[in-house]
Amino acid sequence: MTATLRAAVVGVGHLGKFHAEKYASMGGVRLVAVVDADAERANEAAARLGTEALADYRDLYGKVDCVSLAVPSPLHFALGRDLLTHGVDVLVEKPLATSVVEGRALVECADQERRILQVGHLERFNPAIRALAGVVTQPRFIECHRLAPFTERGTDVDVILDLMIHDLDVILSLVGAEVQSVEAVGVPVLSERADIANARLRFTNGCIANITASRVALKRERKIRIFQADTYVSVDYGEKHVRICRRTVADALPSISVEEHSLGEGDALFDEIEHFVQAVRTRHCPLVDGRTALRALEVAESIRGALETA
């Protein structure tokens with residue numbers, strides 16, 4: 001590993017351009033190139049950040065240590081596999097892939113090549129979710145809503161892989177048990193795939209999660225509520241706000257104590273990329289590695305299967 005880490009971003013559209021900005025601002029990292037099939041987009045990003053513009057990701061081989069892969073979801077598998085097999089550590093945007101078969105193959109490829117494979121489940125680096133450590137211990141019921149107005153971006157997959165996958169990853173990390181059963185319903189509205197979906201998951205430890213995702217909402221909302229014995233937690237992802245309600249006993253009388261935590265804006269994407277860079281340097285497993293993301297993808301595929309049989 002070189003003293004200065006050599007990084008690149010493949011795909012500098014809506015999200016990829018932010019990845020490129022984070023690498024360019026990071027100490028000990030050199031943004032070697034940005035890659036995009038749209039030459040104008042690549043040239044604009046390269047000129048703004050003082051790096052090279054490329055049209056073909058294969059021109060990166062031998063020139064970089066790590067890459068953020070921010071291309072359309074159907075390309076994650078093919079490009080991710082090529083980069084891994086050519087000795088490049090990869091941070092791929094969520095979802096890991098568009099099918100469990102492809103996702104599993106990517107994980108196996110990373111293992112075989114001894115490469116770092118991190119997946120961009122950004123909410124894990126949201127300060128509101130990080131604040132739940134030690135608070136959520138044995139959740140019994142979880143309810144979450146992720147609503148957004150419609151945009152063309154992301155419609156190469158359904159709303160489950162576009163939006164709901166975020167919450168599936170968070171919920172799996174909180175519950176710590178396997179999914180036992182799935183019920184789901186979904187409706188296509190403005191695209192050919194489901195734009196609104198609801199899933200009810202029952203876990204082997206008895207916990208139930210009710211998850212709603214919509215990309216045709218009139219307003220944006222990202223909230224999760226968690227119930228466990230003696231504690232209720234409400235998280236607003238967007239506002240970075242956490243409310244914790246606990247049952248307390250004083251003078252033999254039960255009551256509710258309420259804690260409010262406003263955690264500030266933070267920079268979850270910078271933290272995510274910094275975490276990736278550290279994993280590349282140390283060769284330690286990242287927080288959301290390929291196997292962890294594969295679990296969320298497996299549940300997503302079960303939900304999609306339930307939609308087809310509903």
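The values are calculated or read from the model by the stated rules, or taken from the named source; none is laboratory data. As the structure is a prediction and not an experimental result, all values here were calculated from the model. Every residue, glycine as well, gets a Cβ built from its backbone with ideal geometry; the counts of neighbours run over all protein chains shown.
Observations on the structure shown:
- Residue pairs whose Cβ atoms lie under 7 Å apart, separated by 6 or more positions or on different chains, with the first residue in the range 273-300 and surrounded by fewer than 20 Cβ atoms within 10 Å (Cβ to Cβ) and the second modelled with pLDDT under 95 and part of a loop (DSSP other than H, G, I, E, B), are Arg281/Met1.
- 1 or more residues in contact with a Pro (Cβ under 9 Å, 6 or more places away or on another chain) and either more than 21 Å from Asp156 (Cβ to Cβ) or touching a residue at least 60 places away in the same chain (Cβ under 8 Å) (or both): qualifying strands (runs of 3 or more DSSP E) within the range 1-110: 89-93
- Top-ranked residue in the range 111-133 [being without any contact (Cβ under 8 Å) to a residue 40 or more places away in the chain and under 21 Å from Asp167 (Cβ atoms); ranked as surrounded by the most Cβ atoms within 10 Å (Cβ to Cβ)]: Arg130
- Single residue of the range 211-253 satisfying the filter (part of a strand (DSSP E or B), small (Gly, Ala, Ser) and without any contact (Cβ under 8 Å) to a residue 12 or more places away in the chain) that is farthest from Leu269 (Cα to Cα): Ala250
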